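These notes are about the structure you will find just below.
The values are calculated or read from the model by the stated rules, or taken from the named source; none is laboratory data. Quantities reported herein were computed from a predicted structural model and do not represent experimental measurements. Here the Cβ positions follow ideal geometry from the backbone for every residue, glycine too, while neighbour counts run over all protein chains shown. In case anyone asks, the SASA skips ligands and DNA or RNA and just uses the protein heavy atoms, side chains included. Shrake-Rupley method; radii C 1.70, N 1.55, O 1.52, S 1.80 Å.
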Amino acid sequence: MDDTTVDETGLIAAARAAALHAHAPYSRFAVGAAVLMTDSSVVTGANFENASYGLSLCAETVALATISAQGRLREVAAIAVIGGAMDADGRPTGTGPVSPCGRCRQVINEAAQMSRRDLPVLCGAAEGDAVRRYTLSELLPDAFGPADLGIA
Ligand code: THU
């Protein structure tokens, strides 16, 4: 990415910490997202389920909605996500990297458009060192975006 150094280990650690606050009593699958900002600060989110199941909010969406509410979408530099099945204490488990769902990819695209960056997306695991590295355009090629609406 351009001018912001990504501390991958630190960003995944922040996502893991965020996942401890997942409200996921229905799926018992905890997800954490950590968004690196251009000033090196980090904004986090965790999945926030509700009894409807289908209207639950994903971790990435929670983090990016927080950033939007702070008026900081232009400052987004990278995003990390981790997740896993909760153990009895509510901690995510497992060594397999988690990828953003389709809806989250579209939400990340909005931040990518606003920040004018092909955002790095780090897909980490709840435990262990496995990480898959993408840019958003790899995860969501030919994205529908503001240009399709005639908005520059
Ligand atoms: N989930 C996320 O938070 N992010 C994703 O990208 C994939 C799925 C959440 C939604 C739901 O609370 C749980 O994981 C199981 O699908």
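If you take all other residues with their beta carbon under 11 Å from the beta carbon of R16, and give Lys and Arg +1 and Asp and Glu -1, the sum is 0. Could you state how much accessible area S137 has, in square angstrom rounded to the nearest 10, with a 1.4 Å probe and all protein chains kept in place? Only protein atoms counted, so the area is about 60 Å². All Cα-Cα separations within the stretch 17-117 were binned at 10 Å from zero, giving a P(r) of 17, 48, 28, 7, 0, each value a whole percent of the pairs.
Where the accessible area of the chain is counted over protein heavy atoms with a 1.4 Å probe, how much of it, in %, is carbon and sulfur? That share works out to 53 percent. Using θ = phi - 60° in the Karplus curve 6.51 cos²θ - 1.76 cosθ + 1.60, the 3J(HN,Hα) couplings for the stretch 77-84 round to 10, 6, 9, 10, 9, 9, x, x Hz; x is entered for Gly and Pro. Summarising the strand pairing of the stretch 8-142, around 85 percent of its internal DSSP beta bridges are antiparallel. Summarised in one figure, the compactness ratio Rg/Rh of the stretch 81-152, Cα atoms and Kirkwood Rh, is 1.10.
Within the shell of other residues whose beta carbon sits under 10 angstrom from the beta carbon of I82, the net charge comes to 0, with Lys and Arg scored +1 and Asp and Glu -1.
The label-point distance for L149 and S68, in a model that sets each label 7 Å from Cα toward Cβ, rounds to 1.0 nm. With K and R counted +1 and D and E -1, the other residues having a Cβ less than 14 Å from that of L64 yield a net charge of +2.
Ranking of R72, R116 by solvent-accessible surface, largest first: R116, R72 (1.4 Å probe, protein heavy atoms only, all chains present).
Remark: the chain carries 51 Å² of accessible area per residue (probe radius 1.4 Å; ligands, DNA and RNA excluded). Sorting L55, L140 by accessible area puts them as L55, L140; the probe is 1.4 Å, largest comes first, and only protein heavy atoms count.
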